[in-house]
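The values are calculated or read from the model by the stated rules, or taken from the named source; none is laboratory data. Note that this is a predicted model, so its numbers are computed, not measured. Please note: Cβ atoms are built from the backbone with ideal geometry, for glycine as well, and neighbour counts cover all protein chains shown. SASA here: full protein model, heavy atoms, side chains in, ligands and nucleic acids out. Shrake-Rupley method; radii C 1.70, N 1.55, O 1.52, S 1.80 Å.
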Amino acid sequence: MKKTSYLTVMGAVGRVTFFEIIRDKVLYNVLVCAVLLFGVGFLASRLTFIQPERVVLDFGLASVAISCAMIGIFTGATLMGKEFERRTIYVALSRPISKSQFVFGKFFGLNVVILVNWVLLSVSFIAVLLATGGEITQSSMVILFYGLILALIQGIVMASIAVFFSTFTTGSLSAIFAIGMYLVGTNISQLRIIGAKAKSPFISVIINIVATLLPNLENFSLGTKVTYGLPVSTSVVLAAFIYGVIISWVYIWAAGMLAHKREI
């Protein structure tokens, strides 16, 4: 199959997947939770007299990152399972569509949902920031944009991980596994500290191997650099972007291979 037709198939499956996810109202639920976090951040900023915009920055950026990650996890965890349970995959595969194309197309549709969520929350975040009297200079805007971009990439990475698990286990287990990887991945440095302090060399080696193999989601967090407007190197952001693309591709490629070998 030609490359153009391959992309056409992915686009068609992705479009159907996008509207399916929107109908499931998962996006709305996560958006409501994120908006509530924005509200908490706004109220907290009213209770402080020293640079309230920093409180909004912390809450807002965390809300965007968590929202994108949760949509990727909870939607991706059931993305393939529902197709197998409802047997709707039979209808799709009755056409000239391979299993890997089907998986890539579903992942593409999920990414569009995450992107829409990211745009809506980012605009709301900036509006709340301006409402608190925060000044957005050109340099601070660039740093904030970097932080938001990395939050989006993290959400896409978590979506690929959730889709990977959904190809061979149930939706609930996929979500549990993905959440576990999210919690560990955002604390890789702490895991390495535990490994360094372990009394047993064997346990230390095992912990370091696990920390190396698991996706390091700390690469997608700029920490307090956004809050305090500290300079961020473009090369650091670019490296994190490339890392996220590679990790996502590895997991979604593995998901495609598993789906290809699965008997239907």
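Conditions (1) surrounded by fewer than 20 Cβ atoms within 10 Å (Cβ to Cβ); (2) at pLDDT below 90, marked per residue:
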| residue | (1), (2) |
| --- | --- |
| 112 | yes, no |
| 120 | yes, yes |
| 124 | yes, yes |
| 128 | no, yes |
| 133 | yes, yes |
| 140 | yes, yes |
| 144 | no, yes |
| 153 | no, no |
| 158 | no, no |
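Of the numbered criteria (1) within 24 Å of residue 71 (Cα to Cα); (2) outside any helix (DSSP H, G or I), the one residue 229 fails is (1).
Any idea which of 157, 128, 113 is touching a helix residue (DSSP H, G or I) at 6+ places or on another chain (Cβ under 7 Å), closer than 12 Å to residue 73 by Cα and part of a helix (DSSP H, G or I)?
None of the others qualify; the one that does is 157.
Taking the criterion of being open to solvent by 20 Å² or more (accessible area, probe 1.4 Å) and modelled with pLDDT of 80 or more, the residues of the stretch 74-106 that qualify are 74, 78, 104. Taking the listed residues 240, 259, the one that is open to solvent by less than 80 Å² (accessible area, probe 1.4 Å), out of contact with any Asp or Glu (no Cβ under 6 Å at 6 or more places or on another chain), part of a helix (DSSP H, G or I) and within 21 Å of residue 58 (Cα to Cα) is 240, with no other qualifying. Of the residues making up the stretch 192-234, those that are charged (D, E, K, R), closer than 22 Å to residue 156 by Cβ and open to solvent by 80 Å² or more (accessible area, probe 1.4 Å) number 1. Number of residues in the stretch 167-180 that are of a type outside the set (Val, Ile, Thr), at pLDDT 90 or above and more than 12 Å from the chain's Cα centre (by Cα) equals 5. Do the conditions hold for residue 49, that is, is it open to solvent by 40 Å² or more (accessible area, probe 1.4 Å) and modelled with pLDDT of 75 or more? So residue 49 fails the test.
Being open to solvent by less than 10 Å² (accessible area, probe 1.4 Å), under 17 Å from residue 70 (Cβ atoms) and among the small types (Gly, Ala, Ser) is a property that residue 180 lacks. Beta carbons closer than 7 Å, at least 6 apart along the sequence or on distinct chains, pair a first residue in the stretch 170-182 that is closer than 10 Å to residue 73 by Cα with a second that is open to solvent by less than 20 Å² (accessible area, probe 1.4 Å) and hydroxyl-bearing (Ser, Thr, Tyr) for 174/166. If you go through the stretch 197-226 and pick out every residue that is in a helix (DSSP H, G or I) and within 25 Å of residue 178 (Cβ to Cβ), you end up with 12.
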